[in-house]
1. What is the Cα centroid distance between the range 88-130 and the range 25-43, reported in whole angstrom?
2. If each of residue 183 and residue 152 carries a label point 7 Å out from its Cα toward its Cβ, how far apart are those two points in nm?
3. Would you look at the GNM of the chain, springs on alpha carbons closer than 10 Å, and say which of 168, 17, 69 moves the most?
4. From the square roots a ≥ b ≥ c of the eigenvalues of the alpha-carbon gyration tensor of the range 1-51, which class results: rounded (a/c under 1.5), prolate (a/b over b/c), or oblate?
5. Remind me, what semi-axes does the chain give for its equivalent ellipsoid, largest first in whole Å, using sqrt of 5 times each Cα gyration tensor eigenvalue?
6. Between 0 and 90 degrees, rounded to the nearest ten: what's the tilt of helix 82-99 against the longest Cα principal axis of the chain?
7. Can you list, bin by bin at 10 Å, the percent of alpha carbon pairs in the range 104-190, starting at 0?
């Protein structure tokens, strides 16, 4: 194995180990030594690749976001109707976040700590673009398919209804008096519940 391939292999092991630790223990609970142990390397080697836990967390996030962003961007820019876009966006987003539950809280944490963080995200060439979505909303309002609504407000509603349950998981579990298993069932149900709620609120019958 070449030195470059070995480097990439080691880095992949680190990112996979870090993702597992961050998902189970969160940013604050994760320890660099624990990540190093799980990756099968010593702590000095881990620091060689990532000088701090924050940098490692950002690398894990960017890696996951680079998988999610193209999916969402493709949905927003395909030729399907707004109704289908709402369904597909919701289903894809929730399915992805179930596998990467640390993402919403990390985004909010980073935006609160560093508002320039969004500029880093926008550097990704697949960062979701909603211009076609906005144009379609306007067209479907014009042809009577949708009730009058701001495309920006609709997009915010879609984001909010999908993101909030993951960010507020402990609060929702307390209010609804459910355990972790029941909460996961609620989240699975939201793949259709959110889409139906939004569609029924905007569609002309």
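1. 23 Å
2. 3.4 nm
3. So, out of 168, 17, 69, the one fluctuating most is 168.
4. On the way: a/c = 2.62, a/b = 1.90, b/c = 1.38.
Prolate, because a/c is 1.5 or more and a/b exceeds b/c.
5. Working: eigenvalues 263, 86, 39 Å².
Those come to 36, 21, 14 Å.
6. Between helix and principal axis, roughly 20 degrees.
7. 14, 30, 30, 24, 2
Read-outs throughout are calculated quantities, based only on the coordinates presented, and are distinct from any laboratory measurement. The shown structure was predicted, so the numbers you read here are calculated from the model rather than taken from an experiment. Methodologically, a virtual Cβ is constructed for each residue, glycine included, from the backbone with ideal geometry; neighbour enumeration extends over all protein chains shown.
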